[in-house]
Amino acid sequence: MHFLNRFLISACALALGFNVMRAQSAPDAPLPDPYKLMQTALANEKKLADEQERYECRVTSDGAETDKTGKVKKEDIQVKEQFYVNGMQVERTLSKNGKDLTPEQTRKEDERVMKETVKYSNKANAAKEAAKQDQQTQDMMAAMILTHGHRQQINGRSVLLYDIVPNPKFQPKNLNQRFASVMQGTMSLDEQTGAMIEMNIRSVKDLKIAGGVVATLNKGFWLHAHNQPQPDGIWLNDLTEGSGDARALFFMHPYFRFKEVTDNCHLYSTSAAQVGPAKQAK
């Protein structure tokens, strides 16, 4: 499942990468060039990471292994707090399946979080990991293109809508690119701010790598991501979900579904003063 997690993170990063693109909002203005739009996303990922640094949020994740009919065989629900260190996301688990962690579990979780925090407090370590994630996002972007763009007025705002399709001129070379090459879907962006509002992608055919030994992604696997604006105007992901039949290497439970809801975000100033209701320090 490790590779699939990386693929999902890359897909969300691809969506979030559109957050800072500026676009014309006049009704008759030409649409942004899709290629330049994607390049702008890559160029501004660092700025997005800097903005995220000021937020701490709560994340509720619900993941389940299912059979091929969708019946749940095993479910895992976790509540976490999420924050960023030099642009790197760190999550601390607070509860599992409705129960607080035991003192021993809390001790181990605190040690793990402290280890990650110390690691990414080193800017060189954070930059190395950021470069790896950036490459994964670039891989996905290279395998996809935005097409059939059009403009709509939705709830009084100008929204750009695009289809996401595989790039017919691109030859995938790695797992991320191979997976991205069979995905199609849609994306909507707020034209005034350039923020990604929603993305839906789905695999349109089966993909087997090395006969299915290395990885398999069956037709119908889907991913949905949604963003919403925060009080300071920064857009953050508030929902990521998906399900399907996929496996990588020795992951033995291919049918799964997942849902992550991010809420209760607290904004902090650069002086570490919280903006909003007081919150007990941990």
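The values are calculated or read from the model by the stated rules, or taken from the named source; none is laboratory data. Quantities reported herein were computed from a predicted structural model and do not represent experimental measurements. Counting neighbours? That spans all protein chains shown, and the Cβs are built from the backbone with ideal geometry, glycine included. Surface accessibility is based on the protein's heavy atoms, side chains included, excluding ligands, DNA and RNA. Shrake-Rupley method; radii C 1.70, N 1.55, O 1.52, S 1.80 Å.
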**Request:** Order these peptides, 227-239, 178-190, by their mean beta-carbon neighbour count within 10 angstrom, highest first.
**Result:** 178-190, 227-239
**Request:** If a/c stays under 1.5 just call it rounded; otherwise compare a/b with b/c (prolate if a/b is bigger, oblate if not). Do that for the range 138-225, with a ≥ b ≥ c from the square roots of the Cα gyration tensor eigenvalues.
**Result:** prolate
**Prompt:** Taking only protein heavy atoms and a 1.4 Å probe, what accessible area per residue, in Å², does the range 118-232 have with all protein chains in place?
**Reply:** 50
**Asked** Can you list the residues, at least 5 places off or on another chain, whose amide H is less than 5 Å from the amide H of Phe256, using H built in the peptide plane?
**Response** Thr66, Gly244, Ala246
**Message:** Apply the Karplus curve 6.51 cos²θ - 1.76 cosθ + 1.60, θ = phi - 60°, to the phi angles in the range 146-156 and return the couplings in whole Hz, x for Gly and Pro.
**Reply:** 9, 9, 6, x, 8, 10, 9, 8, 10, 6, x
**Request:** Would you kindly give the portion of the calculated P(r) for the range 59-111 that falls above 16 Å, as a percent of all Cα pairs?
**Result:** 54
**Fill in**
One quarter of the C-alpha convex hull surface, i.e. the mean projected area of the range 76-154 in nm², amounts to 9.0
**Complete:** Between Leu31 and residues 5 or more places away or on another chain, the pairs with built amide H atoms under 5 Å apart involve none
**Item:** Cα→Cβ-extended label distance, 7 Å offset, between Lys71 and Thr102, nm
**Value:** 3.2
**Relative contact order, percent, the range 87-227 [alpha-carbon distance under 8 Å, six or more residues apart]** = 14
**Prompt:** Under 5 Å between amide H atoms, partner at least 5 residues away or on a different chain: which partners does Leu94 have, H built in plane at 1.01 Å?
**Reply:** Val79, Lys80, Glu81
**Asked** How large, in Å, is the range 181-240 by the Kirkwood hydrodynamic radius built from its alpha-carbon pairs?
**Response** 13.3
**Prompt:** What is the gain in length, in nm to one decimal, between Val165 and Glu111 on full extension, counting 0.36 nm per residue of separation less the C-alpha to C-alpha distance?
**Reply:** 15.2 nm
